[in-house]
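Participant: Can you read through this structure? Questions will come right after.
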Amino acid sequence: MVTARTSASAATSPGTPRPGLRERKKMQTRQAIRRAAYRLFQEQGYDATPIDQIAEAAEVSPSTVFRYFPTKEDIVLTDEYDAVLEAGLRARPADEPLVESLRQVTVAALGAITEAERAELVQRMRLVREVPAIRGRTAENTARDAEMIAAVLAERCGRPADDLEVRVISAAVLAALQEAMLHWVDAGPQADLAALVNRTMDVLARGLTL
C-alpha cells in the first residue's frame, strides 16, 4: 500500500518465507522496471515519460512492462509489500491491539529498506501528491488495502469483515499512515520516518485525542 508500503526488500525481511526462484525473478524484473521509471520520472517528469522509454531503460519490451504494470500509475503504486503486511499482521499475537500490530510490522519493514529504496519512497509520495492520475488511483489501492486489514481485524475480534466499526478502524489507520508519510516527505531528509510512524500510532492508540 502506498500509505505504508516500503519496497521489495521488505519481502525478504526476517520471519517471512523466502520466495521461490520464479517469484524472485519476477520481483527482479518488477524492480528493474520500477527503478528505471523512477530515474526517468526524476530526470524528465512523470507525464513526459512514456512506457516505451521505461521499457528501453529497463531492457525489457513494452509488453513486459504492461504485463507487470497494466498502467503507468501502477509502476508507482504497486509493490511487494501487501503480502508482507498481511503475513506480518497475521503473525502478531491475536490479543494485541491492531494499532500496536501495525506499528510493529510497519516499523520493522521500514528498518529493512536501503537508502536507494528510501529515496524511491520519497519520490513515490511526491508523485502521489503531485500527479492527479496517481492520486486518483491511490484511492483504489487504499480501499483494497483497507479490505485486507479489515479481514485480519475481523478474524481477531470475531466480527464480519464488513462490520462498520471494523471498516472505520481500518480506514482510519491507513489514512493516518498516509499522513505520516506525507509529513515525512515535507519534513526533509533529517526526519525520522519510524519515529513519525510511532507518533502516528500513539495518536490512534489514545483515541484520537489531542
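The values are calculated or read from the model by the stated rules, or taken from the named source; none is laboratory data. In this text, all values refer to a predicted model and were calculated from it rather than measured experimentally. Cβ atoms come from the backbone with ideal geometry, glycine included; neighbour counts cover every protein chain shown. In case anyone asks, the SASA skips ligands and DNA or RNA and just uses the protein heavy atoms, side chains included. Shrake-Rupley method; radii C 1.70, N 1.55, O 1.52, S 1.80 Å.
Participant: Can you work out which of the residues in the range 75-94 that are modelled with pLDDT under 90 and in a loop (DSSP other than H, G, I, E, B) is most open to solvent (accessible area, probe 1.4 Å)?
Facilitator: Step by step, filter the range 75-94, then rank; the result is A94.
Participant: From the list L89, L110, L164, exactly one residue is under 18 Å from the mean Cα position of the chain (by Cα) and over 26 Å from I33 (Cα atoms). Which is it? Walk me through how you get there before you give the answer.
Facilitator: Working: L110 fails: over 26 Å from I33 (Cα atoms); L164 fails: under 18 Å from the mean Cα position of the chain (by Cα).
Exactly one residue qualifies, and that residue is L89.
Participant: Considering each of V185, V128 in turn, give the residue that is touching a Ser or Thr at 6+ places or on another chain (Cβ under 6 Å), modelled with pLDDT of 90 or more and of a type in the set (A, V, I, L, M). Don't jump to the end; show me each part of the working.
Facilitator: Working: V185 fails: touching a Ser or Thr at 6+ places or on another chain (Cβ under 6 Å).
Criteria check complete, one pass: V128.
Participant: Okay, moving on. Return the only residue of A4, A58 being closer than 27 Å to A112 by Cα, modelled with pLDDT of 95 or more, open to solvent by less than 40 Å² (accessible area, probe 1.4 Å) and touching a helix residue (DSSP H, G or I) at 6+ places or on another chain (Cβ under 9 Å).
Facilitator: The match here is A58.
Participant: Another one. With surrounded by fewer than 20 Cβ atoms within 10 Å (Cβ to Cβ) and basic (K, R) as the only criterion, which of R103, R199 stands out?
Facilitator: R199
Participant: In this structure, does R103 turn out to be in a helix (DSSP H, G or I) and more than 21 Å from A205 (Cα to Cα)?
Facilitator: No; evaluated as a whole, the condition is false for this residue.
Participant: Mind checking whether some residue in the range 151-165 is in contact with a His (Cβ under 7 Å, 6 or more places away or on another chain) and without any contact (Cβ under 8 Å) to a residue 24 or more places away in the chain?
Facilitator: No: the range 151-165 contains no residue that is in contact with a His (Cβ under 7 Å, 6 or more places away or on another chain) and without any contact (Cβ under 8 Å) to a residue 24 or more places away in the chain.
Participant: Looking only at the range 120-158, count how many residues are farther than 18 Å from L102 by Cβ and either of a type in the set (D, E) or open to solvent by 60 Å² or more (accessible area, probe 1.4 Å) (or both).
Facilitator: Matching residues across the range 120-158 total 9.
Participant: Filter the range 30-72 down to the residues that are part of a loop (DSSP other than H, G, I, E, B) and hydroxyl-bearing (S, T, Y) and list them by number.
Facilitator: Within the range 30-72, Y46, T49, S61, T71 qualify.
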